[in-house]
């Protein structure tokens, strides 16, 4: 019996370890491949110049248009998502505290929205765009990405707020706070680390998504100066370059992917750092 | 002065209009019933809480002590399944049936829960939180209030050099005293203490008990406990509850020496 237990224990430790380290190895492999294939084409001009004529057929220039476009869209969408998501997450946890069933229904619906493939958001954004007589533009892309990332932001922030002890809500209300004061002065502070993580995760998702901007943001070799102008994005730049028959252009796609990966890694590290910093005041 | 034979001078003194003196009982509870679905938690509770005394709500776990406390500051509103009926008069205002705003009612009462729940702010901001809610932002005034109340709960010397550190960095005993200071800063007339020492070590518990003994000159303290010895040490007035009902109430010396019911007798024996 003892021997059987020991074998079982060893087997499960091996299985769990294998799953964990193989995932780590996979992440490492992705980064290494992108780095090896892309670093050769990475240059100052690629980062800081716009594509010249025939860039996607091996011509001169860089992907500054896509970097700027992605940054505009991701920042704009994150801002919209904060404006919608922050009050929503606080409302679910403070104002709806006594309505457990409503809370659960909203969470279920948000999870369903989170699970919808981004191409569906792209199609919805496209339909919306046609309905309002807009063309593919920075504004349409930003709104579509905002729709995509708002459920992610709400649920990520909500998960942290939901872990707030009920005693803290009681303590704040017992002091004579209204529910809104409790939400914005206490729960927001309590969930600050989660909020930072939610913002950065949403930003990362927004900057890296291709399908939602495929029909809505359009593509251009220029940096958009107005909201109604089309905007290039890094994921689409990668997509177009990878589809090229010219090997040098495909290498540039890996360089663009490397830029995107570095941006997302920096965002993740910042999220970890800031969430650690803000978690010091958390009441458990 | 001429007085008819059957009227004494004391009777004349006692017959002053009631508005000149504060009523003897700061809280009066009448026909209070609380249900959660089919579960009848508080059964027709009638109770008067004397001013500037420590009233101990004593009884086994689940007898409704905490629910009674939460009815007093309307925290029962947080739980949809709880239905409350009856009257609770705080200083003559029926809080269950009045249109007075709930935050104002709650500011009359400080709450100390079983586990200290400091706000996720610095020590300093915890104490001034209630003042900020009232719109008081004067730095000199708030600094003065912080020092006074931290001294009042015996925490000033321990934290004066780290007032801007997170409150969560304090020990549990210190956190409980900080919560008390936070509650006192809004000048409540009643302190609701729900087993405030249950998460504390004996030394911290004794500090809280001593504070309560000091504070009863200024505040009315309603202490929930199931610890017999604590009730004996602290109580000026004891209310023994059992399954949602008040079984006995009165002076602790009489109640503990000469319990009238078998339930209390058994509870005292087991508690000792």
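So here's what we get for this one:
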{"quantity": "Chain A: angle of helix A:2-38 to the longest principal axis, Cα-based, in degrees nearest 10", "calculated": "40"}
{"quantity": "Förster radius 41 Å - calculated FRET efficiency between residue A:273 and residue B:100 (Cβ-Cβ, nearest 0.05)", "calculated": "0.30"}
{"quantity": "Order by protection proxy (mean Cβ within 10 Å, highest first), peptides A:206-215, B:87-96", "calculated": "A:206-215, B:87-96"}
{"quantity": "Normalised alpha carbon radius of gyration of the stretch A:2-159 [divisor 2.2 N^0.38 Å]", "calculated": "1.52"}
{"quantity": "Tilt relative to chain A, helix A:192-208 - C-alpha long axis, 0 to 90 degrees, to 10", "calculated": "20"}
{"quantity": "Contact order normalised by residue count of the stretch B:111-177, Cα under 8 Å, 6+ apart, percent", "calculated": "52"}
{"quantity": "Which of A:262, B:232, A:199, A:63 has the fewest Cβ neighbours within 10 Å, and the rest in rising order", "calculated": "A:262, B:232, A:199, A:63"}
{"quantity": "Relative packing of peptides B:143-149, A:30-36 - highest average C-beta neighbours within 10 Å first", "calculated": "B:143-149, A:30-36"}
{"quantity": "Neighbouring partner chain Cβ atoms per residue of A:14-23, average, 10 Å criterion", "calculated": "0"}
{"quantity": "Average beta carbon contacts from partner chains per residue of A:163-173, 10 Å cutoff", "calculated": "5"}
{"quantity": "Folded to 0 to 90 degrees: helix A:118-131 orientation relative to chain A principal axis, Cα", "calculated": "80"}
{"quantity": "Cα gyration tensor shape of the stretch B:221-272, rounded if a/c is under 1.5, else prolate or oblate by comparing a/b with b/c", "calculated": "rounded"}
{"quantity": "Within 10 Å of each Cβ in B:96-108, the average number of Cβ atoms from other chains", "calculated": "2"}
{"quantity": "Mean ellipticity per residue at 222 nm, deg cm²/dmol - from DSSP H runs of n ≥ 4 across the protein assembly as shown, formula -39500 (n - 2.57)", "calculated": "-17000 deg cm²/dmol"}
{"quantity": "Rounded if a/c under 1.5, otherwise prolate or oblate - chain A, Cα gyration tensor axes", "calculated": "oblate"}
{"quantity": "Ranked by how many other beta carbons lie within 10 Å on average, peptides B:113-122, A:100-109 from highest", "calculated": "B:113-122, A:100-109"}
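We did not get these values from a lab; they are worked out from the coordinates using the rules stated. Keep in mind that what you see is a predicted model, and the values were worked out from it rather than measured. In this analysis, Cβ positions are derived from the backbone assuming ideal geometry, glycine residues included, and neighbour counts consider all displayed protein chains.
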